[in-house]
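The values are calculated or read from the model by the stated rules, or taken from the named source; none is laboratory data. The structure displayed is predicted, hence computed values, not measured ones. For neighbour counting, all protein chains shown are included, and Cβ atoms are generated from backbone atoms with ideal geometry for every residue, glycine included. Note: accessible area is taken over every heavy atom of the protein model, side chains too, but ligands, DNA and RNA are not part of it. Shrake-Rupley method; radii C 1.70, N 1.55, O 1.52, S 1.80 Å.
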Amino acid sequence: MNAIAENYIATWNERDPQRRADLLSKHWAPDCLYVDPLAVGEGREGMSGTIEAVHGQFPDFAFTLLGDADAHHRQLRFQWGLGPVGAEPVVVGFDVVVVDDDDRIADVRGFLDKVPA
């Protein structure tokens, strides 16, 4: 399950639209759903648009995993940070991911623990 969390973070960090589409195709279910307090992404195209919007808001930031994923019954949870590479995260969140029978990300529920003022 840590590999799923790593692929999730890699998808969020990918700035090239074609490479991001490839990651979404490989690691995310076609009808995936992402919901957090600020955004909803439906399907792979919706997810790509959501990720693109975050890159627009935080152009020089990257996502990192903060610790290991905790998993059971095709679901995992993990904490992540968003900030300048090599620096303390400016944003910290916690996501719960449910995977489908092919271990592709199908459903994500995100929570924001720390956000800039």
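Miscellaneous remarks
- Spin-label model distance (nm) - A10 vs K26, 7 Å beyond Cα toward Cβ: 0.5
- For the chain, the solvent-accessible area of protein heavy atoms averages 55 Å² per residue (probe radius 1.4 Å; ligands and nucleic acids excluded).
- Two-site label geometry, V90 and V35: point separation in nm, points 7 Å out along Cα→Cβ: 2.8
- Computed extension gain for R74 through D107, at 0.36 nm per residue and net of the alpha carbon distance, reaches 10.8 nm.
- Whole-percent carbon and sulfur share, accessible surface of the chain, 1.4 Å: 52
- Region 36-117, relative contact order in percent, only Cα pairs under 8 angstrom and at least six apart counted: 22
- Along region 42-49 the Karplus relation, 6.51 cos²θ - 1.76 cosθ + 1.60 evaluated at θ = phi - 60°, assigns HN-Hα couplings of 10, x, 5, 5, x, 5, 4, x Hz to successive residues, with x for each Gly and Pro.
- Distance from region 88-117 to region 1-66 (C-alpha centre basis), Å: 10
- Of the beta bridges in the chain, as assigned by DSSP with both residues counted there, near 90 percent are antiparallel.
- Label separation (F58 vs Q18): 2.8 nm, computed from points 7 Å beyond Cα along the C-beta direction.
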